[in-house]
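K.L.:
Structure provided below as structure tokens; questions to follow.
The values are calculated or read from the model by the stated rules, or taken from the named source; none is laboratory data. Bear in mind that the values here come from a model prediction, so they are computed numbers and not experimental data. Note: ideal-geometry Cβ built from the backbone for every residue, glycine included; neighbour counts use all protein chains shown.
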Amino acid sequence: MGKTLQAAQLRRTVAEVIAAAGSSKEEAQTVADNLVLANLSGHDSHGVGMVPRYIDAVLEGGLKPNSAIAVKLDGGSLLALDGQRGYGQVVGAQAMALGMERAQQTGSCVMALANAHHLGRIGHFAEMAVARGLVSIHFVNVQSRPVVAPFGGGDGRYGTNPFCVGVPMEGREPFVLDFATSRVAQGKMRVAHNEGRRVEPGYLIDEKGQPTTDPGVVVVPQPGGMFGALLAFGEHKGYGMAVACELLGGALTGSGTWHRPADNQRSVINGMFTVLVDPRKLGTQNEFAREALAFADWLKQSPAAPGSDGVLLAGEPERAARVKREREGIDVDDTTWTEIVAAGAKVGARIA
Ligand code: NAD
């Protein structure tokens, strides 16, 4: 069930709700464009389904519309920025614009961004950088609810801490690897729960630390107000990477790490540690271009495994989804749509 909407229509609806919650028209449009692009890219977890949460966060005061980055330190190729709890779609783009400018001037930039509200798909920022020919590496922590269990642990202690790397490929589409360090993104559990689906074994433990396939354990409070937890991808390796995201994205940026029980706040605060490199300034540009393409070709020549359509490079699934969804529209399930309409009503936007 649910409905299928064209991207343009969804952008208008989301922009209307975000603007009604106090954002300038421009900010509302930026947020709407970003969320709909996530849906188009096949990541419904980071698309328009986030709107109700954003509206609640604005109403609670944890997300501050019309904020801009504050520069805490400008050391040339070292930047420390504060997102001041503004929309991540806006302050994240502002931070990237500054960081990319520096990387193009000096060859590299290390950028620490603290206190951005939800940055959405981190790949969005890597895509900005590779479009300018820059390599872009991102370690991000999430302060919203401790929803991922540490390897060997039995309850949630940290967020879905995404990692992302974008690499430009001369004359070709870029490599954009962008994933949560949990086995699956929390938002995908929300989508599965809203659709009434079970998920694969190995993704989740319930509030007692027992394995479960019910995504509701991390979406709605369980008996006693407790939540279950997501597991890390790749056992100790994904867990270790998530800790790196917390140490770099949370501690080194000054954004803060998670070390307290869940507090029901609706805001989602991201800290993002970014490294940008301009390969044209590193002196290896020719080798880089040649070797990167040769390696990609080599991978693609691997025979398709049984049941597989062949080898893909990160970034390809998102681009393919965009082509398909631009054409066929975006499916929005009934629960998500009802929640968006209700969120609009809270701030006086009447969505049909
Ligand atoms: P995922 O598991 O779908 O993995 C996506 C990555 O894997 C992409 O880079 C994709 O191109 C690549 N990929 C997918 N299939 C492939 C294949 N067959 N071969 C090669 N590469 C392939 O992603 P996820 O973990 O569900 O994360 C989804 C999104 O959630 C990401 O954009 C992430 O940034 C975002 N996220 C954001 C936050 C936040 O707080 N802002 C937190 C967690 C996740």
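K.L.:
Which of the numbered conditions does GLY49 fail, given that it passes all the others? Conditions: (1) crowded, with 23+ Cβ neighbours inside 10 Å; (2) over 19 Å from ILE351 (Cβ atoms).
P.N.:
The failed condition is (2).
K.L.:
In the range 184-198, what residues are closer than 13 Å to THR212 by Cβ and outside any helix (DSSP H, G or I)?
P.N.:
Within the range 184-198, ARG198 is the sole residue that qualifies.
K.L.:
Another question about this same structure. Take the range 163-186 and flag every residue that is β-branched (Val, Ile, Thr), within 10 Å of the ligand (Cβ to nearest atom), surrounded by 21 or more Cβ atoms within 10 Å (Cβ to Cβ) and under 14 Å from ALA314 (Cβ atoms).
P.N.:
Selection gives VAL176 alone.
K.L.:
For residues that are within 11 Å of the ligand (Cβ to nearest atom) and of a type in the set (Gly, Ala, Ser), scanning just the range 122-162, find the one that is farthest from ALA262 (Cα to Cα).
P.N.:
The residue in question is ALA126.
K.L.:
Test ARG319 against the criterion of being within 16 Å of the ligand (Cβ to nearest atom) and either in the same structural domain as VAL48 (by TED's automatic domain parsing) or farther than 21 Å from LEU177 by Cα (or both), and give yes or no.
P.N.:
When the stated conditions are applied, ARG319 passes them.
K.L.:
A further question on this structure: Take ALA304 and tell me if it is among the small types (Gly, Ala, Ser), surrounded by 11 or more Cβ atoms within 10 Å (Cβ to Cβ) and either farther than 30 Å from LEU98 by Cα or in contact (Cβ under 8 Å) with a residue 60 or more places away in the chain (or both).
P.N.:
no
K.L.:
Which one of the conditions (1) more than 23 Å from GLU127 (Cα to Cα); (2) of a type outside the set (Gly, Ala, Ser); (3) crowded, with 20+ Cβ neighbours inside 10 Å; (4) modelled with pLDDT of 95 or more does MET189 fail to meet, given that it meets all the rest?
P.N.:
(4)
K.L.:
A further question on this structure: Would you mind telling me which numbered condition in (1) within 29 Å of GLU318 (Cα to Cα); (2) buried (at least 22 other Cβ atoms within 10 Å of the Cβ); (3) free of Cβ contacts under 8 Å to residues at least 40 places away in the same chain SER41 fails?
P.N.:
Of everything listed in (1) within 29 Å of GLU318 (Cα to Cα); (2) buried (at least 22 other Cβ atoms within 10 Å of the Cβ); (3) free of Cβ contacts under 8 Å to residues at least 40 places away in the same chain, SER41 misses just condition (3).
K.L.:
Let me ask something additional. If I go through the range 104-121 residue by residue, how many of them are of a type outside the set (A, V, I, L, M) and within 11 Å of the ligand (Cβ to nearest atom)?
P.N.:
Of the residues in the range 104-121, 4 are of a type outside the set (A, V, I, L, M) and within 11 Å of the ligand (Cβ to nearest atom).
K.L.:
Out of ASP309, ASP334, report the one residue that is under 20 Å from LEU35 (Cβ atoms), of a type in the set (D, E, K, R) and either in the same structural domain as MET169 (by TED's automatic domain parsing) or modelled with pLDDT under 95 (or both).
P.N.:
ASP334
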